[in-house]
Structure formats: C-alpha cells, structure tokens
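Asks: This is the structure I have questions about; it appears just below.
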Amino acid sequence: MASLGLTDATGLVGVAAYVAAHFAVQVLHKSPTGPLAVVLNVVGPACILVSLTDAFNLASFLTQCFWLGLTLLGWWRNRRKHRRHLQRSQHAGNGTGNGTRSTSHASGGVQAGAFAPQHND
C-alpha cells in the first residue's frame, strides 16, 4: 500500500468538503448560499489547489480556481445584498422620516415621496 503524503491528505479533505457541501444542500436541505455551504465550497477547492502543488493538472487547477472564485463572488454579492437590506430596514424604522423617500432621476432632480424600484442583484 502506498503511503499517503500531506498533499494527498489535503486533497482528500477538499474532496470531503465538496461531498459534505453537496450532501448538506441535497439531503439536509441546507441553503446553498448559507454559511455552511460557502465555507465547505471554499475549503474544498483550496485544499485541492494545495494538493495540486505535488501533482499538477491544468484542468483540475482551472476547475478549482473557477469554483473558488465563483463561490467567493456569490458570497460577496449575497453579503452586500443582505447589508443593503439591513440598511433599508434600519432607515425605514428609525422614525425620523415622514414616510416618504426621495429618489434621484436621470434629469438630476429629486422627487420627494417617490419610491425607487427594488433591484435584485
């Protein structure tokens, strides 16, 4: 039996993280954008990238880089969206306004009482 090196063991941790993330989403019905899935989807490719230092494979390298990049992009966008939602909630509930909001228009003017359309990023 061949001995398991540190980079191989690290790669196996990465595979376990991928499988755990998929299991959590598909079987346990956890949110794919929740903290558990995000952490596991960062740990997985990070560990496999470490394992590739011993036995490089271009296709695997590119897959892991894209997986890691897309996971981090999704996490950042979700965090930004959540932060904006909290700011809107705090602004609406602070009791200092008269129930109207101002919005800027393309003409540069501001119209009191108009509500801007909500955009989902």
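Asks: Within the group 107, 31, which residue is modelled with pLDDT of 90 or more and assigned to a loop (DSSP other than H, G, I, E, B)?
Replies: The conditions single out 31.
Asks: Among the numbered criteria (1) touching a helix residue (DSSP H, G or I) at 6+ places or on another chain (Cβ under 7 Å); (2) of a type in the set (S, T, N, Q); (3) at pLDDT below 95, which single criterion is violated by residue 7?
Replies: (3)
Asks: Looking at 55, 37, 59, which one is modelled with pLDDT of 90 or more and surrounded by 12 or more Cβ atoms within 10 Å (Cβ to Cβ)?
Replies: Checking each option against the conditions leaves just 37.
Asks: Moving to a separate point now. Evaluate the stretch 43-56: report whether one residue or more is more than 18 Å from residue 71 (Cβ to Cβ), in contact (Cβ under 8 Å) with a residue 40 or more places away in the chain and among the β-branched types (Val, Ile, Thr).
Replies: yes
Asks: Is it true that residue 64 is outside any loop (DSSP other than H, G, I, E, B), buried (at least 17 other Cβ atoms within 10 Å of the Cβ) and not basic (Lys, Arg)?
Replies: yes
The values are calculated or read from the model by the stated rules, or taken from the named source; none is laboratory data. Given the structure is predicted, the values throughout are model-derived calculations rather than measurements. Methodologically, a virtual Cβ is constructed for each residue, glycine included, from the backbone with ideal geometry; neighbour enumeration extends over all protein chains shown.
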